[in-house]
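The values are calculated or read from the model by the stated rules, or taken from the named source; none is laboratory data. On a predicted model such as this, the values are computed, not experimentally measured, just so you know. Here the Cβ positions follow ideal geometry from the backbone for every residue, glycine too, while neighbour counts run over all protein chains shown.
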Amino acid sequence: MSPSPPDPPQASPQRAAASHKGDYGRVWIVGGSRGMAGAAALAGRAALRSGAGLVTVAAPDCCADVVAQFEPAMMTRPFASDRAGRLSSASWRQLFQELRSADVIAVGPGLGRSRSLTMMVERLFRSAPCPVVIDADGLNALADARVFDQTPADDSTLPAAARVLTPHPGEFAGLTGIPAAERVEQCRRADELAALWKMVIVLKGHGTWVTDGNQSIANSTGNPGMATGGSGDVLTGVVAAQLAVADPFMAARTATWVHGHAGDLAAQASGQTSLTASDLIDYLPAAFMGLDPA
């Protein structure tokens with residue numbers, strides 16, 4: 001028998017017969033670097049499996065072809081790279097121009113770290129006109145920029161659209177200074193930050209905490225086998241796809257539940273020890289079928 005996690009979120013409404021791929025979101029993944037192409041590819045593949053109509057990965061020119069090999073249905077766009085194989089500041093003008101076509105942007109998987117990338121991520125966080133998911137090195141960039149040392153003065157200083165942050169406890173410690181071991185205090189601060197910045201925070205871990213500052217929920221799905229490289233990149237892609245069709249809190253809640261349920265299905269089939277991030281993507285279709293009918 002398949003696992004039956006309690007209280008699944010409601011599925012998105014059934015697709016209209018006359019709909020087309022543009023109706024389900026143009027998702028851009030900004031990430032990848034030399035040696036980390038797989039992270040961006042996992043996020044892109046997960047977004048496709050989670051319903052996004054079109055997925056494009058913006059990656060450094062030194063590894064964009066590698067990203068493309070992971071999934072033929074996923075588009076890639078190469079941009080100028082620096083000597084370390086990361087997106088360079090020379091790519092900014094073209095990148096930001098092309099991101100205008102995005103309905104949702106996800107930034108961070110495999111991105112790497114540099115001073116220019118910190119500036120790029122902060123600009124996307126503050127100014128991108130569409131919803132943005134920030135994970136991995138995107139979160140490290142926000143920590144380096146000390147964004148959350150400030151309190152927004154008023155709504156005019158808030159980001160231009162929905163923002164969803166998906167930190168693990170270590171990344172959240174970098175953002176806030178609260179040690180990873182202090183789970184209760186991290187959850188309290190996540191509630192507070194989400195309310196102040198009018199964003200959603202998905203604080204990963206056992207009983208992943210999803211909050212927008214007004215409503216919060218501890219996720220009921222998932223297992224220790226998901227503590228493996230790339231699992232967070234998959235969640236980033238699922239969240240990004242859901243943001244194209246749902247409000248930010250529901251998108252994050254649904255994505256977190258489905259991601260964990262896919263992990264539970266994969267662990268039942270192959271065990272926790274052998275579970276990989278690619279397994280999560282393979283089980284996303286079955287996990288989505290476990291949602292309550294709309």
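I'm told Ile178 meets every condition in (1) free of Cβ contacts under 8 Å to residues at least 12 places away in the same chain; (2) surrounded by fewer than 16 Cβ atoms within 10 Å (Cβ to Cβ) except one. Can you identify the failing condition by its number?
Failed condition: (2).
Just give me the residues in segment 136-161 being touching a residue at least 60 places away in the same chain (Cβ under 8 Å) and in a loop (DSSP other than H, G, I, E, B), in sequence order.
Hit for segment 136-161 is Ala136, nothing else.
Filter segment 6-64 for residues that are over 30 Å from Thr221 (Cα atoms), in contact with a Pro (Cβ under 9 Å, 6 or more places away or on another chain) and not in a helix (DSSP H, G or I) and give the result.
Ser33, Arg34, Ala58, Ala59, Pro60, Asp61, Cys62, Cys63
Test of understanding: among Val104, Val67, Val133, which residue is out of contact with any Asp or Glu (no Cβ under 6 Å at 6 or more places or on another chain), surrounded by 19 or more Cβ atoms within 10 Å (Cβ to Cβ), within 28 Å of Leu175 (Cβ to Cβ) and free of Cβ contacts under 8 Å to residues at least 40 places away in the same chain?
Among Val104, Val67, Val133, only Val67 is out of contact with any Asp or Glu (no Cβ under 6 Å at 6 or more places or on another chain), surrounded by 19 or more Cβ atoms within 10 Å (Cβ to Cβ), within 28 Å of Leu175 (Cβ to Cβ) and free of Cβ contacts under 8 Å to residues at least 40 places away in the same chain.
Name every residue in segment 162-175 that is out of contact with any Phe, Trp or Tyr (no Cβ under 7 Å at 6 or more places or on another chain) and either outside any loop (DSSP other than H, G, I, E, B) or of a type in the set (Asp, Glu) (or both), in order of residue number.
Val164, Leu165, Pro169, Gly170, Glu171, Phe172, Ala173, Gly174
Sort out which residues of segment 176-212 are in a loop (DSSP other than H, G, I, E, B) and either more than 19 Å from the chain's Cα centre (by Cα) or of a type in the set (Asp, Glu) (or both), and write them in order of number. So that I can check it myself, show each step before the final result.
Filtering segment 176-212 for residues in a loop (DSSP other than H, G, I, E, B) gives 177-182, 198-199, 204-208, 212.
Hits for segment 176-212 are Gly177, Ile178, Pro179, Ala180, Ala181, Glu182, Asp212.
Filter segment 2-50 for residues that are on the phi > 0 side of the Ramachandran plot and modelled with pLDDT under 95; which is surrounded by the most Cβ atoms within 10 Å (Cβ to Cβ)?
Filtering segment 2-50 for residues that are on the phi > 0 side of the Ramachandran plot and modelled with pLDDT under 95, the one surrounded by the most Cβ atoms within 10 Å (Cβ to Cβ) comes out as Gly25.
So the check is Cβ under 9 Å with 6+ separation or different chains; which pairs have a first residue in segment 45-63 that's under 14 Å from Val30 (Cα atoms) and of a type in the set (S, T, N, Q) and a second one that's at pLDDT 95 or above and assigned to a strand (DSSP E or B)?
Qualifying pairs under 9 Å: Thr56/Arg26; Thr56/Val27; Thr56/Trp28; Thr56/Ile29; Thr56/Met75; Thr56/Thr76; Thr56/Arg77.
List the helices (runs of 4 or more DSSP H) that sit entirely inside segment 216-294 and contain at least 1 residues that are within 24 Å of Ala37 (Cβ to Cβ), touching a Leu at 6+ places or on another chain (Cβ under 6 Å) and free of Cβ contacts under 8 Å to residues at least 60 places away in the same chain.
248-270
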